[in-house]
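Notes for the one structure printed next.
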Amino acid sequence: MEKIICVCGHENPAGTKLCGKCGRPLTEEAKSSKIVDMKYDGAAIRSKTRNKSMVDKIWNFFSSVKVGISLIIINLIAASIGTIFPQEFYISVSTDAEKEAYYENTYGSLGKLYYELGLSDVYSSWWFQILVGMLAISIIVASIDRGIPLHRSLKNQRVKRHESFLKRQRIIAEGPIINGDSANTLNLIEEKMKKLKYKVRRDGNALLAERGRFSRYGPYINHVGLIIFLAAVMLRLVPGFYVDESMWVREGEMRAVPGMEGYFIENEKFILEMHDNEKTENQELQGVNVVAKNYQTNAKLYKQTDDAVPGKADDLELVKEYSIRVNHPLQHEGYSFYQMDFRLNEIKAMNFVLTNKETGESFGEVHVDLTNPQDEYVINDQTKVQLLGYYPDFSGFENGEPQTATPNPNNPAFIFKMTTPDKPEGEVSFVAIQQTVEPNGDNAYKMAFKSVETRNMTGLTVHKDSSIPFLAIGGAIFMIGVAIGSYWNHRRLWVEQLDDGSIRLAAHTNKNWFGIKKDIDAVVEFAHLPKYIDQSDDDAEKEKEGDSTL
Amino acid sequence: MDKKKKRSITRGAILVVLLAAIVYTVYTSATNDKVKVLQVGDKAPDFELVDLYESDLKHRLSDYEGKGVFLNFWGTWCEPCKKEMPAMSRQYANYKEQGVEVLTVNIAQTDFEVKKFLESLDVHFPAVIDQTKAVMTAYNVNPLPTTILINPEGRVEKIITGEMSERQIASYMESIKPEQE
């Protein structure tokens, strides 16, 4: 590797702009400029020092600020395109085919393209994740690449700097002191700068006063916060870290909780309450009849004993009883159960009356509990109804056999065998809603539908997110970094007393020139120093806060 | 030069770690929807369910260690479940003596429905009902039918979703048959 050897004898890595020891400008560009570029204090950015192997090329690509900013912009654009049509999350269809159809039907071929490109679930699409990952690499690589040389050059700062360095600073002064004893000048400067909370170091006839160096680390601290944040989001993919499941529980049912091993939840009752107000004007406008007041599930959470295995449900221990309402989840050990959905009035039981078709005479009532149908319902010693078949969601016959489409009682159908005193051999009847089939010809009796009992079903989501503390820590570190970088600044004052007692002074800050000028004004007056000038003649330049990010 | 080499290695290592993190993220989130918590080679989660006919007979998976277990999840509304049942029943009759147990797990239906259904098909194998869906959750069963082959060591040999032919059933039972001494 080529080295640049400064006049002072210090060996600098290639790419260095200002000598690490004395501060002399090393490049032609730096030599010819009136004010030197103080970014990274003139240290060689690592990526600029070598550019050979594949690893270095990749490294240099990611360390580039241009690449980093481009990645930020690309990410922003991708995320904002993802807001044009609603995300899949907000669409109430479940299967992939339905989702695809939804986008095509609702938004036409553009919607189809949107779905196919993965824009409909942008955060889960592979290309978006790769973009975010590349941004993360860029943040890490750029921070290492710039942060370490900057840290070294700040740590190894010399008190004494060469004239050519001092003269190229924005704020400079040179000349004899106004009055007083020049032998005491450096002492006075030190005293004043210490009062102004600067750290002062002296080396012979040179002095360096420095304040707020830590603010230079602000951007790196905020990058660390960002990386922790992104890592926390990634952690969600680790099994057990993040649970987001939904479940349906009918009243009276107990269900194993998905994603929460060994726990069961029971729905005691689901309650839907409505406001009983007169229609308001707004309701009228929006065509809303009644407004819901409360969605509530009275739930019980049970836990198995620790040594129990799934399916064993006889040794459950009640952990918690809670009325789950919207925004009032049942919480236990990091898991939360939220009220999300409901279905009202699912058939739970049906009541039939055994009736003589001709006379209309009733022979008694049969109560069929759909959650536990019985083989036989005895009315008296000569009259009984046998249940030969139960089909909760009757969908038609196949080879003479009734079929059920789902296990849910959406369209319950039954095969009854009715035994009565005058038909002791029994009569078979197939009974479904609005449909009766009598396979053996005309029956004398029928099972007349009388009434139905219903129950409600609650839709809960089970949520656990262990990444939240990490997200909070990442976010906090990020904000601390931003604050450090924004509200503090790194101010430095170099002073050299020449042999004749006159003073050469230079000052630099990474931002807030107004602040440092105030400090210098104070010390100039206190130590009777010559008047300083601001070499930045460009007014716009004066306003500019300068190197505020890195 | 040594320093240079060291730096190159550090850079390479950092890049590799970051790249691995991206690949892991993309891979897991791509497979997340379909992720089987249970995988071939895993220890099959133990469970205990009560026999359909004898309420004091409990089927506990760990009691079957040393035997191959043919674990079949089904429901009465599931057409392919119904189709494969007679073949399962016949093959069970063959392999029962050779140390293969069949256990069919119905998903939270009523005793009545399950009994009537099995009677109408005239099939004979042990049946249990997973009332709370706990076993279904533990095995992450989604489509029905799903069959889990568990070898005599209690590990998952194969996970089959969808209907099986009689020939397949026979070969699956063969594959989990314990070795004869």
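Computed from the coordinates by the stated procedures, all read-outs in this text should not be read as laboratory data. On a predicted model such as this, the values are computed, not experimentally measured, just so you know. In this analysis, Cβ positions are derived from the backbone assuming ideal geometry, glycine residues included, and neighbour counts consider all displayed protein chains.
For the protein assembly as shown, the C-alpha radius of gyration divided by 2.2 N^0.38 Å, with N the number of residues, is 1.46. Note that segment A:229-343 shows a convex hull volume over its alpha carbon atoms of 149 Å³ per residue. Rounded to whole Å, the principal axis extents of the Cα atoms in segment A:347-454 read 37, 30, 22, largest first.
Which shape class, rounded, prolate or oblate, goes with segment A:254-405 when its Cα gyration tensor gives a ≥ b ≥ c as root eigenvalues, a/c under 1.5 marks rounded, and past that a/b bigger than b/c marks prolate?
oblate
The label point for A:V437 and the one for A:I130, both projected 7 Å from the Cα toward the Cβ, are 5.6 nm apart.
Taking each residue as 0.36 nm, the span from A:E333 to A:E453 lengthens on full extension beyond its C-alpha to C-alpha distance by 39.5 nm.
For segment B:136-181, what class follows from the C-alpha gyration tensor (a ≥ b ≥ c being the square roots of its eigenvalues): rounded when a/c is under 1.5, otherwise prolate if a/b is larger than b/c, else oblate? It comes out oblate by the Cα gyration axes. Beyond 20 Å in Cα-Cα separation lie the following of the pairs A:K320/A:K464; B:K82/B:K115; B:K67/B:K116: B:K67/B:K116. Its residues counted as N, segment B:63-176 yields a C-alpha radius of gyration over 2.2 N^0.38 Å of 0.97.
In chain A, helical runs assigned H by DSSP with n ≥ 4 each contribute -39500 (n - 2.57); averaged across all residues and rounded to the nearest 500, the mean residue ellipticity at 222 nm is -9500 deg cm²/dmol.
Would you please report the Å³ per residue occupied by the convex hull of the alpha carbon atoms in segment A:131-212?
Hull volume over Cα atoms, normalised by residue count, gives 140 Å³.
The mean sequence distance of close C-alpha pairs (under 8 Å, at least 6 residues apart), as a share of the length of chain A, puts its relative contact order at 19 percent. With unit charges on the beta carbons (Lys and Arg positive, Asp and Glu negative) and the dipole taken about the Cα centre of the protein assembly as shown, which residue among A:V319, B:A13, A:V132 sits farthest to the positive side? Positive-end residue among those listed: B:A13. Ranking B:V156, B:A127, B:L52 by how far each Cα lies toward the positive end of the dipole of chain B (charges on Cβ) leaves B:V156 at the top. Remark on segment B:1-142: hydrodynamic radius 18.5 angstrom, per the Kirkwood mean of 1/r across alpha carbon pairs.
A simple spin-label model places the labels of A:L110 and B:Q168 4.5 nm from each other, with each point 7 Å out along Cα-to-Cβ. Summary of packing: across the peptides B:45-52, A:200-207, A:217-224, the per-residue average of other C-beta atoms within 10 Å ranks them, highest first, as A:217-224, B:45-52, A:200-207. Peptide A:466-473 shows a mean partner chain C-beta count of 0 within 10 Å per residue C-beta.
Using the per-residue mean of other Cβ atoms lying within 10 Å as a proxy for protection, in what order, highest first, do the peptides A:172-179, A:243-250, A:228-235 fall?
Descending packing order for the listed peptides: A:228-235, A:243-250, A:172-179.
The Kirkwood radius of segment A:415-529, taken over pairs of alpha-carbon atoms, gives through the Stokes-Einstein law at 25 °C and 0.890 mPa s a diffusion coefficient of 102 µm² s⁻¹.
Applying 1/(1 + (r/R0)^6) with R0 = 25 Å to the Cβ-Cβ distance of A:W248 and A:E278 gives a FRET efficiency near 0.10.
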